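The values are calculated or read from the model by the stated rules, or taken from the named source; none is laboratory data. Since this is a predicted model, take the numbers as computed values, not measurements. Here the Cβ is made from the backbone with ideal geometry for all residues, glycine too, and neighbour counts use every protein chain on show.
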Amino acid sequence: MSDPISASDELNAKVKDPYEIYIVEPGAISFSRSQGGVFQGVIEGKVYEELILFRIFPFQYNTQYISVRNTKSEEIGVIRDIDQLDEESRAEVDKELQLRYFLPVVTRIDSIKQKADMWIWELQTNLGQTRIVMRNLHEHMQYPSLNRIILTDVNGKRCEIRDYSSLDTNSRNKLKDVL
């Protein structure tokens, strides 16, 4: 008769707890791209031909707490901070996150006008001019940190004011008028 404790321990070693968070050590991982441009990596000696990244806290931490998943969306582990990775891996992770979380950065606010029941924002971003249309300011503005604002329009288009205190004076004044 087998020892019930050791049999139980052996079973637990084979079955991964889906609620347990596994932090991957920076020295145990590396990321790159295949010739076809697919994001891939080696994690603790195991090769993954395709990996998917998710920010666990997408509005609060841009480079910290990154979930690494296989193509079945099963979590392999969590990267505590991509700044701890080697240079090539960090560059590839950053590129992959930029592709997944496309979020233009507001560089200037040209105007904020209210017409009927809509708020129309004319903005300059790091990718050029854009317009954000909102029905209700407070439902379409998120404040993930002290000076950071995420703007979302009625169609789901988003952009970010990373630090409203770093905007030019005219932009800050326009923003203060509606806040």
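When the residues of segment 71-87 are filtered to those that are surrounded by fewer than 17 Cβ atoms within 10 Å (Cβ to Cβ) and modelled with pLDDT under 95, which remaining residue is nearest to Leu51 (Cα to Cα)? Among those residues, the one meeting the criterion is Thr71.
Residues in segment 108-124 that are in a strand (DSSP E or B) and surrounded by fewer than 17 Cβ atoms within 10 Å (Cβ to Cβ): Arg108, Asp110, Ser111, Lys113, Gln114, Lys115, Met118, Ile120, Glu122, Gln124.
Of all residues in segment 59-73, those that are in a strand (DSSP E or B) have Cβ atoms under 9 Å from Cβ atoms of residues that are of a type in the set (Asp, Glu), 6 or more apart or on another chain, in Gln64/Asp81; Gln64/Asp83; Tyr65/Asp81; Ile66/Asp81; Ser67/Glu75; Val68/Glu75; Arg69/Glu75. When segment 125-147 is examined, which residues are found to be among the polar types (S, T, N, Q), closer than 15 Å to Arg108 by Cα and either in contact (Cβ under 8 Å) with a residue 24 or more places away in the chain or not assigned by TED's automatic domain parsing to the domain that holds Lys174 (or both)? Scanning segment 125-147 gives Thr125, Thr130. Please go through (1) farther than 30 Å from Ser166 by Cβ; (2) buried (at least 18 other Cβ atoms within 10 Å of the Cβ) for Gly36 and return the number of the only condition it doesn't satisfy. Here Gly36 clears every test but (2). Picking from residues in segment 154-179 that are hydroxyl-bearing (Ser, Thr, Tyr) and surrounded by 14 or more Cβ atoms within 10 Å (Cβ to Cβ), the one that is farthest from the chain's Cα centre (by Cα) is Ser171. Scoring Arg148 on the criteria (1) over 20 Å from Phe59 (Cβ atoms); (2) touching a helix residue (DSSP H, G or I) at 6+ places or on another chain (Cβ under 9 Å) leaves a single failure, condition (1). Just one residue in the set Leu137, Leu123, Leu97 is at negative phi and at pLDDT 95 or above; that residue is Leu123.
Among the residues of segment 150-165, some residue qualifies, meaning at least one is touching a Lys or Arg at 6+ places or on another chain (Cβ under 9 Å) and either within 30 Å of Val42 (Cβ to Cβ) or touching a residue at least 60 places away in the same chain (Cβ under 8 Å) (or both). So is Ile79 in a strand (DSSP E or B), in contact (Cβ under 8 Å) with a residue 40 or more places away in the chain and within 29 Å of Asp17 (Cα to Cα) or not? So Ile79 fits the description; yes.
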